[in-house]
Amino acid sequence: MNKHVVKFLKEWGIPLGIFLVLYFTGWYRPVVAFGQRIILSTGIIKPDTSIDDDDNYPVTDYQWTLQTLDGQPVPFEQFRGKVVFLNFFATWCPPCIAEMPGIQALYDSEASEDVVFIILSRDDSREKPRKFMADKGYTLPVFMAAGPTPSVFQGNVLPTTYIISPRGEIISRHSGMADYNNEKVKDLLRQLSDRL
């Protein structure tokens, strides 16, 4: 064998082997998510929580149907007049996995009759998010889209999160992972629910 090949294999063989095993078994997702969760724990990635009435834009289409993981239709219209925390995620998305513990903690402390959480899965089957939530012990309400997503919510980035006021205005839109379990987000949700 060539000396350069032997040297390369000695230096990079084990890291390359570990990488290939992680990649081809799918184990890289939790590893990457764990690293991203560490980044989130520093508090450096937080969504914008300022309310600027000039920057808000309305949800133009409440005529949208979601579907529970049991296949039951849920009209988005039923959330009109409530504060809505809407998170688009997928079980194959490491940043989505990384931010989910914070969203669960926020849900545990802030969900109420007036503040609703919608976790909208972009997976290709209802079984994947059902298994993911059960395996992780999450109790968040997960839905699937039962039809086309309104244009105001369309995007190419997962995760993407919206906070919608009771008047139907998108107060906050954040693409990419973030730490939502912080006092600024909690204050925003409370402030919006006080407007009811």
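Here are some notes:
- Net charge dipole, region 41-194: roughly 480 debye, given to the nearest 20, about the Cα centre with Cβ charges of +1 for Lys and Arg and -1 for Asp and Glu.
- By the count of other C-beta atoms within 10 Å, a proxy for reagent exposure, ILE170, ILE97, ILE14 are ordered fewest to most as ILE14, ILE170, ILE97.
- Considering only alpha-carbon pairs that sit under 8 angstrom and 6 or more positions apart, the relative contact order computed for region 41-194 is 38 percent.
- Taking the fewest neighbouring Cβ atoms within 10 Å as the starting point, the ordered list for TYR138, TYR62, TYR162 is TYR62, TYR138, TYR162.
- Residues SER175, SER112 arranged by fewest to most Cβ contacts within 10 Å: SER112, SER175
- Share of Cα-Cα pairs in region 41-194 lying beyond 29 Å, as whole percent: 9
- Amide H partners (placed H, <5 Å) of SER172, local residues excluded: ILE163
- Built amide H within the under 5 Å cut-off of VAL74, gap 5+: LEU66, GLN67, THR68
Read-outs: derived from the displayed coordinates by stated rules, not from any lab. A quick note: this is a predicted structure, and the numbers were derived from the prediction, not measured. All Cβ positions, even for glycine, are placed from backbone atoms using ideal geometry, and neighbour counts span all protein chains on display.
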